[in-house]
Protein chains: 2
Amino acid sequence: MTGISDHHVVIVGGGFAGLYAAQSLRRAPVRVTLIDRRNFHLFQPLLYQVATGGLSPADIASPLRSVLRRQRNVCVLRGEVTGFDALGRRVWLGDEGIQYDTLILATGASHHYFGHANWEPLAPGLKSIEDATEIRRRVFEAFERAERETDAVRRQAWMTFAVVGGGPTGVELAGAIGELAHHTLPQDFRRVDTRQTQVFLLEGTGRILPVYDERLSRAAVESLGRLGVTVRTNSVVTDIQPDGVTLCRDGQPEVIAARTVVWAAGVQASPLGAALARATGAELDRQGRVIVAPDLSVAGHPEIFVLGDLAHAPQPDGRPLPGVAPVAMQQGAYVARLIARRLCGQTAPPFHYRDRGSMAVIGRSAAVAQIGKLRLRRFPAWLVWLFVHLMYLVEFENRLLVLLQWGWNYLTRNRSARLITETPKSRDESPWPALPARQRLPETAASRSDDDSGERQI
Amino acid sequence: MTGISDHHVVIVGGGFAGLYAAQSLRRAPVRVTLIDRRNFHLFQPLLYQVATGGLSPADIASPLRSVLRRQRNVCVLRGEVTGFDALGRRVWLGDEGIQYDTLILATGASHHYFGHANWEPLAPGLKSIEDATEIRRRVFEAFERAERETDAVRRQAWMTFAVVGGGPTGVELAGAIGELAHHTLPQDFRRVDTRQTQVFLLEGTGRILPVYDERLSRAAVESLGRLGVTVRTNSVVTDIQPDGVTLCRDGQPEVIAARTVVWAAGVQASPLGAALARATGAELDRQGRVIVAPDLSVAGHPEIFVLGDLAHAPQPDGRPLPGVAPVAMQQGAYVARLIARRLCGQTAPPFHYRDRGSMAVIGRSAAVAQIGKLRLRRFPAWLVWLFVHLMYLVEFENRLLVLLQWGWNYLTRNRSARLITETPKSRDESPWPALPARQRLPETAASRSDDDSGERQI
């Protein structure tokens with residue numbers, strides 16, 4: 001807290017990258033302004049638990065002001081950045097300009113429908129709290145509809161779920177829905193047997209979890225099968241309707257009559273990447289991510305950094321770093337260190353990502369994990385997954401309660417947060433109301449990127 | 001579970017009255033169908049905690065199916081009752097008719113704006129989870145706006161809150177907002193001092209908590225004052241605008257520049273009361289409640305009962321029983337017993353309410369309580385309040401966590417569930433978007449009923 005200079009660091013985005021950058025600047029002689037349009041930091045890796053009723057939104061969201069309350073050199077500002085003035089070193093919040101000396105942009109990514117924007121209301125993605133409570137509403141509503149449906153075919157359609165995308169998010173969601181149907185809900189319903197539920201996990205490539213070791217993909221298929229999840233590989237979704245999904249599977253069309261479809265297939269960068277590119281001439285990749293230098297700065301603008309899911313940071317092999325929390329956190333800490341060194345007239349080596357491993361959880365007691373040369377499956381992998389996630393969570397205040405909630409859910413197979421809130425506006429034609437419109441990137445930025453669908457690493 | 005007969009009890013509404021009726025019928029030789037349009041039972045007395053970020057919605061809502069899963073003679077049906085066929089003994093869910101032998105109607109009450117429906121979007125009430133998260137959004141959003149506002153007058157308007165109605169709900173909300181501003185938030189903001197917040201509690205009659213002992217009203221005013229809450233009695237709200245409230249106070253007009261107004265002043269019965277009256281010829285009182293016989297049945301229809309906030313059950317002194325949870329619970333248990341006795345050819349004495357006392361909580365360590373001849377204030381009353389509410393909560397599964405959350409909040413003065421979710425659609429003209437339209441009673445049913453504004457009893 002000694003010697004706060006006038007150097008002003010503006011951080012846009014309070015996700016893993018932005019928050020870790022702000023926290024890592026706590027001893028640096030700078031003023032920090034952290035801008036986010038939400039008032040909380042979201043622990044995205046557990047969002048699937050909110051979507052399936054295991055945790056409440058507040059369990060995985062920490063108010064930014066609360067997390068940073070003791071760090072006196074940070075000012076949190078809730079607002080939506082609308083553009084940049086790279087020459088004048090300002091970010092715009094509407095017509096209010098905020099001056100910076102260093103800018104850190106870390107506004108992440110959202111889901112992406114490969115040019116099929118009309119699929120969004122039919123198959124919501126899982127990136128925000130609102131997405132999660134919307135999926136939660138649809139999942140539990142589907143069982144309620146099944147209980148009241150007298151026609152057997154229509155009833156089974158309500159009890160059929162399709163998850164599009166076989167990355168970690170898709171695997172975790174499909175596993176949690178299977179767990180719910182087979183272990184949590186059977187006693188709750190009188191007319192339907194929820195164990196008749198079918199969950200389809202649809203993957204366009206030859207195997208789920210394509211970035212993992214092949215043995216782990218097979219282990220995941222096996223663990224999912226025990227929860228009643230059917231994995232369909234080489235299955236490209238060609239259409240989504242209110243009452244089902246059309247696939248092209250090994251060249252053959254197939255229709256799955258599922259009333260509930262969840263999207264976990266594609267991501268696209270925040271539109272602020274394109275706005276920054278317009279202001280600085282920076283290059284974007286096909287997903288709309290900003291291509292950054294080895295020190296994570298933007299070409300020609302050493303005072304502007306892009307981090308996390310919004311950044312395309314090339315690895316030595318030329319491929320970009322994956323869009324996962326550990327990359328974002330390490331980048332946040334790196335840039336904070338770099339800023340502090342620059343203020344002392346020093347330089348720093350390029351950013352180097354230390355890959356500590358990847359993992360995905362399946363239901364309540366199985367997972368797959370690869371850590372260095374180690375390959376773990378089923379219960380041992382689940383224990384490692386639990387330990388790693390709890391370690392992160394406990395860093396934040398009040399997160400011991402999540403552990404207790406979890407322990408309780410584990411022992412009782414209960415899920416107490418399964419509220420259906422907000423009733424749909426129209427019930428007959430389309431089963432679900434349209435979601436609020438999102439800002440979209442120009443279609444040129446659209447591309448198939450299954451590999452990036454929310455991959456999770458340690 | 002022995003000898004389930006064909007006698008079918010249909011209960012409409014899963015609040016305190018309906019749920020307790022269903023649970024009390026667990027050993028009766030009947031089939032029970034519990035119909036609710038929501039999938040959860042809500043512990044309404046703690047809704048103000050959700051509205052002020054202390055608890056999550058799922059902490060005070062239990063899925064009905066989960067609460068009743070082990071009671072095999074109950075079938076839960078999620079659906080919205082649209083009307084009654086008293087002659088054919090059916091309730092209508094749209095065009096689906098459900099046959100009953102005994103009907104229990106307990107769909108409660110909602111808030112009421114005394115003919116000023118246009119006030120609803122400006123001053124939301126506190127009856128549902130959605131109401132609570134909407135108030136939570138407005139309260140925390142107001143502090144965010146204050147932090148960004150440069151004009152001192154406008155900033156103070158964002159830091160001014162008006163709560164309309166000095167019954168227990170109003171007292172609890174005003175106390176919780178005061179607590180928040182004076183103890184939870186001061187460290188979180190850098191530009192504004194949240195201790196400058198003003199909270200006005202507006203009451204039309206001569207004192208707050210009018211049904212309590214006068215000494216307790218005075219004690220409440222004192223405890224509220226310590227949390228920065230200003231009580232204005234004899235103050236009738238004559239208008240609500242997006243930027244303030246107009247009062248008539250002792251005949252003089254007064255404007256309070258408050259950007260956030262919460263409504264805790266009037267209640268009106270669920271519109272299903274009027275629908276039942278049309279079907280049976282039952283009489284309604286001025287609040288739209290169904291006037292019931294001493295055994296809680298409807299005149300001419302011994303097989304139809306109305307319970308809880310929807311019922312006007314006359315006491316010996318002619319006044320109706322208050323709309324509080326203990327009345328509803330005792331009525332639910334009474335009617336269940338009556339139904340069981342009737343099936344054995346027996347009768348039962350009229351319903352008699354055992355008043356075990358009333359209480360209202362103020363902030364984190366004060367309350368007022370009257371229990372028989374006992375009058376408690378401040379910390380002792382708060383301890384009693386805590387004990388009574390925890391006793392209720394612990395009856396439901398998983399509610400130990402609420403205790404822990406609370407203990408934590410108490411020790412740290414923290415409120416972790418302060419998420420601002422769902423962004424407003426229009427920001428400039430009206431600060432808040434319109435709430436979803438509610439079904440409203442015909443205006444003839446409108447009447448001033450400050451006394452009924454959510455009074456809380458043990």
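Descriptive notes on the structure:
- Computed over the Cα atoms of region B:229-380, pair by distinct pair, the Kirkwood hydrodynamic radius stands at 18.8 angstrom.
- Within the shell defined by Cβ-Cβ distances under 15 Å, the residues around A:ALA86 carry a net charge of -1, with Lys and Arg each +1 and Asp and Glu each -1.
- Beta-bridge orientation, chain A: approximately 55 percent antiparallel, per DSSP, counting only bridges with both partners inside.
- Taking only the Cα atoms of the protein assembly as shown, the radius of gyration and Dmax are 28.7, 95 Å.
- Taken over chain A, the convex hull of the Cα atoms encloses 142 Å³ per residue.
- Across region B:173-258, the relative contact order, built from alpha-carbon pairs under 8 Å that are at least six residues apart, equals 25 percent.
- Difference of contour (0.36 nm per residue) and Cα-Cα distance, A:GLU303 to A:GLU222: 24.3 nm
- In nanometers and ordered shortest first, the copy-to-copy spacing of the B:ARG341 label point, defined 7 Å from Cα toward Cβ, is 8.4.
- Degrees between helix A:168-179 axis and first principal axis of chain A (Cα, 0 to 90, nearest 10): 40
- Neighbouring Cβ atoms from other chains, within 10 Å of the Cβ of residues in B:183-191, number 4 on average.
- Nm distances between copies for B:GLY318, ranked from closest, using label points 7 Å along Cα→Cβ: 9.3
- Rh (Kirkwood; distinct C-alpha pairs) - region B:1-100, Å: 14.6
- If you wrap the tightest convex hull around every Cα atom of region B:172-285 and split its volume per residue, you get 159 Å³.
- Cα-based equivalent ellipsoid, region A:61-154: semi-axes from gyration tensor eigenvalues, Å: 42, 19, 9
- Take A:46-54, A:337-345 and order them by the average number of nearby Cβ atoms within 10 Å per residue, most first; the result is A:46-54, A:337-345.
- Peptides A:207-219, B:89-101 ordered by average Cβ neighbours within 10 Å, highest first: A:207-219, B:89-101
- Shape of region A:109-161, Cα gyration tensor, a/c cut at 1.5: oblate
- Residue-wise HN-Hα couplings along region B:43-57, as the Karplus relation 6.51 cos²θ - 1.76 cosθ + 1.60 with θ = phi - 60° gives them from phi, are 8, 4, x, 9, 4, 5, 5, 5, 5, 10, x, x, 10, 8, x Hz; Gly and Pro carry x.
- Of all DSSP beta bridges in region B:1-100, antiparallel share, percent nearest 5: 50
- With Cα atoms defining each centre, region A:330-353 and region A:122-145 are spaced 41 Å apart in the structure.
- By the count of other C-beta atoms within 10 Å, a proxy for reagent exposure, B:ASP6, B:ASP239 are ordered fewest to most as B:ASP6, B:ASP239.
- Chain B residue nearest the rotation axis toward A, with distance: B:SER56, 2 (Cβ to axis, whole Å).
- Normalised contact order of chain A, rounded percent, pairs of Cα under 8 Å and 6 or more residues apart: 20
- Each label was represented as a point 7 Å from its Cα along the Cα-to-Cβ direction; for B:GLN315 and B:GLN187 these points are 4.6 nm apart.
- Per-peptide packing, taken as the mean over residues of other Cβ atoms within 10 Å, places B:167-174, B:139-146 in the sequence B:167-174, B:139-146 from highest down.
- Per-copy distances of the A:TYR353 label point, shortest first, in nm (7 angstrom along Cα→Cβ): 6.5
- Taking region B:298-401 and dividing mean pair separation by its residue count, relative contact order in percent (alpha carbons under 8 Å, at least six apart): 13
- Using alpha-carbon coordinates, inclination of helix A:129-148 to the longest axis of chain A, degrees: 10
- Shielding value for B:76-82 is 3, the average number of Cβ atoms from other chains within 10 Å of each residue's Cβ.
- C-alpha long axis of helix A:378-395 to longest principal axis of chain A, angle in °: 40
- With a 10 Å cut-off around each Cβ of A:58-70, the average count of Cβ atoms from other chains is 5.
Taken together, the values in this text are just the output of simple stated rules run on the coordinates, not laboratory data. Predicted, not measured: the structure shown is a model, and the values here were computed from it. Here the Cβ is made from the backbone with ideal geometry for all residues, glycine too, and neighbour counts use every protein chain on show.
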